[in-house]
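Derivation of every value follows stated rules applied to the coordinates shown; laboratory data play no part. Being a predicted model, the structure only gives us computed values, none of them experimental. Ideal geometry is used to build each Cβ from the backbone, glycine not excepted, and the neighbour counts take in all protein chains shown.
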Amino acid sequence: MKILIVDDDKEIVELLSIYAKNEGYEPLTAFTGKEALTKLVTNPDVKLMILDIMMPNMSGIDVIKEVRKESDIPIIVVSAKTTDMDKIQGLITGADDYVSKPFNPLEVMARVKSLLRRANAQMTKEEPDSLEVGPLTINKDSHEVTTLNHVQIQLTALEFGILYLLASHPNRVFSADEIFERVWQQESIVSAKTVMVHVSHLRDKIEEATGGEKVIETIWGVGYKVNA
């Protein structure tokens, strides 16, 4: 299974490559954002990307924006930018996880395994073909969300997972911890902000596509739900 490791620091790329090989992955490497995009085009079977943010010429944020135009491949950001706003920007742009430098490479590999396990489960899990909620039709098999006017909403894998979870349990309120554990498929650790960012981005996409329809409701102090 191929994973792409992108950082302008060659020592970090080499370190993560060693650990990736030890876990049975085939690491591909890139040292600039443009090189990373080229590697993804020439290697369409890459399953996950580990990406630095601060790189010359093309930042990791710009790389994520370009990737998300075509792909929902899991992306783990590894960055020396550690403020909450830095993390939120990465997540809003489309990253699936965020690890601060300096990091423990074993932790990075654990997150790689978790994201790949979740992505694989979403592809193989048998669930209803489609759900309808408000103005949306949600198709699990094709991973598509469309409006009544047949506008397709482009969602990341995590955004789709959140929407499908809420839509498949209408009127039930899910806490941020529950959403994190079910969608990310790992134990909840300081998950509220992460979930909030993804829900906010998901809402923006739905409202833009539907002309302002509010599908996801926030129950303050409790969590989120979709009304039947």
Report summary line: The Cα radius of gyration of region 127-226, divided by 2.2 N^0.38 Å with N its residue count, comes to 1.01
**Report entry** Calculated SAXS-style log₁₀ I(q)/I(0) at q = 0.14, 0.16 Å⁻¹ - region 1-114, Debye, Cα scatterers
**Finding:** -0.48, -0.64
Requested in this report: Taking the Cα centre of the chain as origin, sum charge times position over the Cβ atoms of Lys and Arg (+1) and Asp and Glu (-1), and report the length of that vector in debye to the nearest 20.
Outcome: 120
Query - Candidate aspartates and glutamates - alpha carbon under 17 Å from LYS2, same-chain residues fewer than 8 apart omitted - result: GLU14, GLU23, GLU26, GLU35, ASP45, ASP72
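Classify region 1-49 as rounded, prolate or oblate, taking a ≥ b ≥ c as the square roots of the eigenvalues of its Cα gyration tensor: rounded when a/c is under 1.5, otherwise prolate if a/b is larger than b/c and oblate if not.
oblate
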**Report entry** In sequence order, calculated HN-Hα J values of region 52-65 (Karplus, 6.51, -1.76, 1.60; Hz; x Gly/Pro)
**Finding:** 7, 8, 8, 10, x, 6, 9, 6, x, 4, 5, 4, 4, 4
Report summary line: Contour minus Cα-Cα span, ASP177 to LEU148, at 0.36 nm per residue, comes to 7.3 nm
Report summary line: Here FRET efficiency (C-beta to C-beta, LYS101 to VAL41, R₀ 25 Å, nearest 0.05) is 0.35
Query raised in the report: So what's the gap between the Cα centers of region 52-80 and region 135-153, to the nearest angstrom?
Result: 26
Requested in this report: Counting helices only, and only those DSSP H runs with n ≥ 4, report the 222 nm mean residue ellipticity of the chain as the sum of -39,500 (n - 2.57) divided by its residues, in deg cm²/dmol to the nearest 500.
Outcome: -13000 deg cm²/dmol
Query - Members of LYS81/LYS101; LYS81/LYS205; LYS21/LYS47; LYS69/LYS214 lying beyond 18 Å, as alpha-carbon distances in this model show - result: LYS81/LYS205; LYS69/LYS214
Query raised in the report: Under a point spin-label approximation (7 Å from Cα along Cα-to-Cβ), what is the LEU15-GLN185 distance to one decimal in nm?
Result: 2.8
Query raised in the report: Taking the Cβ of LYS214 as the center, what net charge do the other residues with Cβ under 9 Å away carry, scoring Lys and Arg +1 and Asp and Glu -1?
Result: -2
Query raised in the report: What span do the alpha-carbon atoms of the chain cover on each of the three principal axes, reported in whole Å from largest to smallest?
Result: 52, 36, 33
Query raised in the report: Which of the peptides 112-120, 98-106, 1-9 is most tightly packed, and how do the rest follow, judged by the mean count of other Cβ atoms within 10 Å per residue?
Result: 1-9, 112-120, 98-106
